[in-house]
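Undergrad: I have a structure here, written as structure tokens, and I will follow up with some questions on it.
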Amino acid sequence: MDSNFTFAPGRGRAVAALVMLAAAALVAGCGSKPKDVFAECGFPDSPKDPAPLWICDAPVEGVAVGAMGSHENSGAGVAFTRDQAVASARFRLAQNMNTYVTGMIKQFAETTGAVGKETVDRTNTSVTKQITAETISGSKVFRSATSPKGVFYVYVGLDDGMAKAAAQKAIRTSMNNDQALWQQWRAGKSQDELAAEIAKMK
């Protein structure tokens, strides 16, 4: 051994600690998950596999009304699988849009005292009949993911402006179809003015 070498206990401990930290960082780096995947959310078809939180109905930034859809991997190709997933998401989006608009109408009635509960209920029924695939045709895919078992998931939605425009469209169509019902709401306002006021309730 070199007679000039002296072992410093403090230095040895520091080197050992650095080696351990480096090893831990390497292990953590190799086992890390994508930043948008969370252990508390699992894919519906594979619950033990971590999934993005939007899979578990968490809100998606920039989306006022949204819905998730899925489809199993198909031999017809990736495009077919995606189209089927989007179609299922849009079907659910129409249902969620119904809830969104009826909430607007109820809040408007409560705020203004315009009509009674029975009229609100009849109005909601009239408006939700107008919310179809055409109403939400402007919806777009905001997120997508594939589970370890090959099921393709998409999140389709409407941003705030698109959701309000779709709501106004459904309300105006209802006004044209049920003029006697809506006459109770009008209070001297035009259809466009009333539809716009209701759409501000969200």
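Undergrad: Direction-averaged shadow area of the convex hull around the Cα atoms of region 46-141, nm²?
TA: With every direction weighted equally, the projected area is 8.5 nm².
Undergrad: Karplus couplings for region 146-161 from phi (6.51 cos²θ - 1.76 cosθ + 1.60, θ = phi - 60°), rounded to Hz, Gly and Pro as x?
TA: Each residue of region 146-161 in turn: 10, 6, x, 8, x, 7, 9, 10, 9, 10, 10, x, 10, 6, 4, x Hz.
Undergrad: Could you calculate the contour length gain from A165 to D83, that is, 0.36 nm times the residue separation minus the distance between their Cα atoms, to one decimal place in nm?
TA: 27.1 nm
Undergrad: In addition: For D121 and E72, FRET efficiency with R0 = 45 Å and r from the beta-carbon atoms, rounded to 0.05?
TA: Numbers: r = 39 Å, r/R0 = 0.87.
Step by step, r from the Cβ atoms, then E = 0.70.
Undergrad: Percent of accessible area on region 68-201 owned by carbon and sulfur, 1.4 Å probe? Working shown, then result.
TA: On the way: 3220 of 6870 Å².
Solvent-exposed carbon and sulfur of region 68-201 make up 47 percent of the total.
Undergrad: Given 0.36 nm per residue, what is the gain on full extension from T111 to S46 after removing their alpha carbon distance, in nm?
TA: Numbers: separation 65, 0.36 × 65 = 23.40 nm, distance 4.49 nm.
Gain in length upon complete extension: 18.9 nm.
Undergrad: Using only protein heavy atoms and a 1.4 Å probe, report how much of T123 is accessible, in Å² to the nearest 10.
TA: That residue has around 0 Å² of solvent-accessible surface.
Undergrad: When we measure straight from the Cα of K200, which lysines land under 27 angstrom away, once same-chain ones fewer than 8 places off are left out?
TA: K106, K117, K129, K140, K164, K169, K189
Undergrad: From the phi angles alone, apply the Karplus equation (6.51, -1.76, 1.60; θ = phi - 60°) to region 171-182 and give each ³J(HN,Hα) in whole Hz, x where the residue is Gly or Pro.
TA: 5, 5, 5, 4, 4, 5, 7, 10, 4, 5, 4, 6
The values are calculated or read from the model by the stated rules, or taken from the named source; none is laboratory data. If you're wondering where the values come from, they're calculated on a predicted model, not measured in any experiment. Please note: Cβ atoms are built from the backbone with ideal geometry, for glycine as well, and neighbour counts cover all protein chains shown. For the accessible areas, the whole protein counts, side chains as well, though only heavy atoms, and no ligand, DNA or RNA atoms are used. Shrake-Rupley method; radii C 1.70, N 1.55, O 1.52, S 1.80 Å.
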